[in-house]
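Scroll down for the structure; my scribbles are underneath it.
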Amino acid sequence: MIAFDDVTFAYPGGPALFDRLCAVFPKGRVSAVAGPNGAGKSTLLKLAAGLLLPSLGRCSVDAIPLGQATPLDRAKRVAYVPQNSLLPGDWPVKDIVALGDYPHREKPPAPRPIKQRLNEAREALGLQAIWERPAATLSGGEAQRVVLARALVQETPALLLDEAASHLDLRSQVMLHHLLGRLAGDGRSILLATHDVNFPRLWGFDLFILGRSGHLAPFPNKEEEQGALLEKVYHTPLIPTKLDGITCWFPDPGKGKHEAGIMNAE
């Protein structure tokens, strides 16, 4: 379980991104957080990972505040995939993925052998064809799958993914969402920052909307409330479309055409 208890946080010299934020992301679920650029999605994940410390309150994973843990202890409990990861260009993919085992080289060891975890990660992310290739030869989407595989090998109770599908093609996005559902079914806590408000719900994940005020709201059940919330947060006209009984939301091409300064609306 990933928990935020009365968390307040601001970057030096800036306004508070979060003011007494309370939220719980349970085990066995994928929790997706969507919101506009600059709302604080990445900051939320860094707080959960213990990479940033709140000025007030506590962030914890399974009741353990990771901000007070050693880097090794954090790495045994949380696998964090940032938006962008630098990979050593001359390293083969298999060696980069194997780095996920690094936290388990000190006692207590990982519950499962490294070879088994490597094989599962390679298969799950479709890395067979690039397993021996150096990182410098990879496309952006291939590199993203390598970083995700490294996180799988880490085999932690909690998984934090910052826009993990941003470089992936459509097939790989589908594969990733299936994979996250399976991992959550195994009892992991998964927190995902995303710009897609449709994919998470089509896979039955829990969706939350983070506004610029730092307010984190569960996505409403009623279509009218969904549309009102999304248009308020994104300042963009949207139209609903039903897919398998789920209301999905898309920009309305007939309204809100680009005008001078529209990017400043965020």
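The values are calculated or read from the model by the stated rules, or taken from the named source; none is laboratory data. Since the structure is predicted, the reported quantities are computational estimates derived from the model, not experimental observations. Positions of Cβ are generated from backbone atoms using ideal geometry, with glycine treated the same way; all protein chains shown enter the neighbour counts.
Summary table below
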{"read-out": "Filtered residues of the range 137-152 (kept if closer than 25 Å to Phe199 by Cα, buried (at least 16 other Cβ atoms within 10 Å of the Cβ) and out of contact with any His (no Cβ under 7 Å at 6 or more places or on another chain))", "value": "Glu142, Ala143, Arg145, Val146, Val147, Leu148, Ala149, Arg150, Ala151, Leu152"}
{"read-out": "Residues within the range 14-48 that are assigned to a loop (DSSP other than H, G, I, E, B) and surrounded by 19 or more Cβ atoms within 10 Å (Cβ to Cβ), tallied", "value": "3"}
{"read-out": "Count - residues of the range 156-174 that are of a type in the set (A, V, I, L, M, F, W, C) and either touching a residue at least 60 places away in the same chain (Cβ under 8 Å) or touching an Asp or Glu at 6+ places or on another chain (Cβ under 8 Å) (or both)", "value": "6"}
{"read-out": "Hits in the range 117-136 - residues which are out of contact with any Asp or Glu (no Cβ under 7 Å at 6 or more places or on another chain), assigned to a helix (DSSP H, G or I) and surrounded by 11 or more Cβ atoms within 10 Å (Cβ to Cβ)", "value": "Leu118, Asn119, Glu120, Ala121, Arg122, Glu123, Ala124, Ala135"}
{"read-out": "All strands (runs of 3 or more DSSP E) inside the range 171-228 with 3 or more residues being at pLDDT below 95 and of a type outside the set (S, T, N, Q)", "value": "none"}
{"read-out": "Residue within the range 55-75 that is among the acidic types (Asp, Glu) and more than 16 Å from Leu159 (Cβ to Cβ) present", "value": "yes"}
{"read-out": "Whichever residue in the range 156-166 is not in a strand (DSSP E or B) and not small (Gly, Ala, Ser) and, among such residues, is surrounded by the most Cβ atoms within 10 Å (Cβ to Cβ)", "value": "Thr156"}
{"read-out": "Test: Asp162 is under 21 Å from Ala124 (Cβ atoms) and at pLDDT below 95", "value": "no"}
{"read-out": "Test: residue in the range 145-155 that is closer than 25 Å to Val174 by Cα, outside any helix (DSSP H, G or I) and touching a residue at least 24 places away in the same chain (Cβ under 8 Å)", "value": "yes"}
{"read-out": "Filtered residue count, the range 49-98, keeping only those that are assigned to a strand (DSSP E or B), out of contact with any Asp or Glu (no Cβ under 7 Å at 6 or more places or on another chain) and basic (Lys, Arg)", "value": "0"}
